[in-house]
Amino acid sequence: MNQGAWDGILPRFENYCGYHDLMCVSREAAAAPAVGSAKVHAAQQQEVVREALKLSPDAEV
């Protein structure tokens, strides 16, 4: 998850902003920083946006 950035920033949101119901929405962890395919990247990005915004699977992103 972004080399640990989420684990570092989450406590700050909780402590300083009072947010406690946050969750990370990201692509799955992988050895490479990118998938190497524009088509796969676009599909992953659409899924991340859908999940983050709680859209239905058939929603246009």
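Each reported figure results from applying straightforward, stated rules to the coordinates on display, with no laboratory input. This structure is a prediction, so every number in the text was calculated from the model and none was measured. Heads up, the Cβs are rebuilt from the backbone with ideal geometry, glycines too, and the neighbour counts pull from every protein chain shown.
At-a-glance table
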| quantity | calculated |
| --- | --- |
| Residues of region 45-61 classified as surrounded by 10 or more Cβ atoms within 10 Å (Cβ to Cβ) and without any contact (Cβ under 8 Å) to a residue 24 or more places away in the chain, total | 10 |
| Residue match in region 1-20 (condition: in contact with a Ser or Thr (Cβ under 6 Å, 6 or more places away or on another chain) and either loosely packed, with under 10 Cβ neighbours inside 10 Å or touching a residue at least 24 places away in the same chain (Cβ under 8 Å) (or both)) | yes |
| Residue list for region 39-61, restricted to those being closer than 11 Å to Val25 by Cα and outside any helix (DSSP H, G or I) | Lys54 |
| Residues of region 35-44 satisfying the condition of being among the aliphatic types (A, V, I, L, M) and surrounded by 10 or more Cβ atoms within 10 Å (Cβ to Cβ) | Val35, Val40, Ala42, Ala43 |
| Matching residues in region 21-34 - criterion: being surrounded by 10 or more Cβ atoms within 10 Å (Cβ to Cβ) and of a type in the set (D, E, K, R) | Arg27 |
| Where a residue in region 21-44 is under 22 Å from Trp6 (Cα atoms) and without any contact (Cβ under 8 Å) to a residue 40 or more places away in the chain and its partner, wherever it lies, is hydrophobic (A, V, I, L, M, F, W, C) and part of a loop (DSSP other than H, G, I, E, B), with Cβ under 6 Å and at least six apart | Cys24/Met1; Ser26/Met1; His41/Val35 |
| Residue, nearest to the chain's Cα centre (by Cα), within region 2-38, restricted to residues that are part of a loop (DSSP other than H, G, I, E, B) and among the polar types (S, T, N, Q) | Ser26 |
